[in-house]
Amino acid sequence: MARKYSKKASAKVGRAMKKRKAGTLKSGRSGKKVTSRKQAIAIGLSEARAEGKKVPKKAAKKKKAAKKRKAKK
């Protein structure tokens, strides 16, 4: 079976995780310090995507409003 993510993409995620642990990883526009493990992974994958590495597309966002409407009925 083929790899889902390229080795370079894995390296990007690893680098982001190390930066997070060191406390130097910053998030996008706001520049706030990243403490979440999931956010660090997302940043690494995003950087890999920007460089054109083999990374699956982002998952579609789930709509909470539609769920709330269904729950009320």
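The values are calculated or read from the model by the stated rules, or taken from the named source; none is laboratory data. Bear in mind the structure is a predicted one, so any value in this text is a computation, not a measurement. Quick reminder, even Gly has a Cβ in these numbers, built from the backbone with ideal geometry, and neighbours come from all protein chains shown. Side chains included, ligands, DNA and RNA excluded: accessible areas come from the protein's heavy atoms. Shrake-Rupley method; radii C 1.70, N 1.55, O 1.52, S 1.80 Å.
Suppose accessible area is computed on protein heavy atoms with a 1.4 Å probe; arrange 15, 29, 20, 37 from highest to lowest.
Numbers: 15 85, 29 245, 20 60, 37 140 Å².
Descending order: 29, 37, 15, 20.
Find out how many positive minus negative residues lie around residue 49, taking Lys and Arg as positive, Asp and Glu as negative, among other residues whose Cβ is under 10 Å from that of residue 49.
Neighbour charge sum, excluding residue 49 itself: +3.
Kindly express, to the nearest 10 degrees and within the range 0 to 90, the angle between helix 7-22's C-alpha long axis and the longest C-alpha principal axis of the chain.
With both axes taken from Cα atoms, the answer is about 90 degrees.
Compute the angle between helix 37-50 and the longest alpha-carbon principal axis of the chain, please, reported from 0 to 90 degrees and rounded to the nearest 10.
Value to nearest ten degrees: 70.
Once amide H atoms are placed 1.01 Å from N in the peptide plane, what residues at a sequence separation of 5 or more from residue 25, or on another chain, have their amide H within under 5 Å of its amide H?
20, 34
Between residue 62 and residue 38, what is the label-point separation in nm under the 7 Å Cα-to-beta-carbon projection?
Going from the residue 38 label point to the residue 62 one covers 1.0 nm.
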